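The values are calculated or read from the model by the stated rules, or taken from the named source; none is laboratory data. Keep in mind it's a predicted model, so treat the numbers as computed, not measured. Glycine also receives a Cβ, built like all others from the backbone with ideal geometry; neighbour counts cover every protein chain displayed.
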Amino acid sequence: MLKEKLGKPPLFAIVGDFVAANLISSGFSPDIVVVDNKTLRADVEPVKHGLKEIKVSNEAATINAEAWIALRAAITLKRRVAIVVEGEEDLLVLPLLAEMPLGSVIAYGQPHEGLVVVTVSEEKREWARGFLNRMEMR
């Protein structure tokens, strides 16, 4: 049912190990996978995604330049890629939402709630950019 709803978006990204493992094993083919080899901060087996990997650092509760640049490259080059994060990937949904083409889809997990699927719209993109602009710079 989810596959039919998604159709063929310009880009499809999955953020999070649990969601990535489940969607990929269910036959989904994401363009971008963002994982940190953890679920609820506990180590897990790496997701078998079959994509070219880019390893980046990103501390918990942050979005650093290295991670954002890797995401931007994956979006711009439209290459199927897995961003493997040393640290934490949770907030990397925000730069994806701010940068992906309109109509793209991002799937991520909301702990103890379930799957969240967001279609990039102008309104959601502007919300993400505004949120990112209000974040503290280090």
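Here are some notes:
- Selection count, segment 105-121, where residues are of a type in the set (A, V, I, L, M) and either buried (at least 20 other Cβ atoms within 10 Å of the Cβ) or part of a loop (DSSP other than H, G, I, E, B) (or both): 4
- Scanning segment 44-84 for residues that are surrounded by 13 or more Cβ atoms within 10 Å (Cβ to Cβ), over 15 Å from Gly16 (Cα atoms) and among the small types (Gly, Ala, Ser) turns up Ala70, Ala73, Ala74.
- Within segment 108-129, if we keep just the residues that are of a type in the set (Gly, Ala, Ser) and at pLDDT 95 or above, the residue that is farthest from Trp68 (Cα to Cα) turns out to be Ser121.
Let's see how each residue does on (1) modelled with pLDDT of 95 or more; (2) in contact with a Phe, Trp or Tyr (Cβ under 6 Å, 6 or more places away or on another chain):
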| position | (1), (2) |
| --- | --- |
| Asp31 | yes, yes |
| Val35 | yes, no |
| His49 | no, no |
| Ala82 | yes, no |
| Glu86 | yes, no |
| Pro101 | yes, no |
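- Hey, Leu102 outside any helix (DSSP H, G or I), among the aliphatic types (A, V, I, L, M) and under 18 Å from Asp31 (Cα atoms) or not: yes
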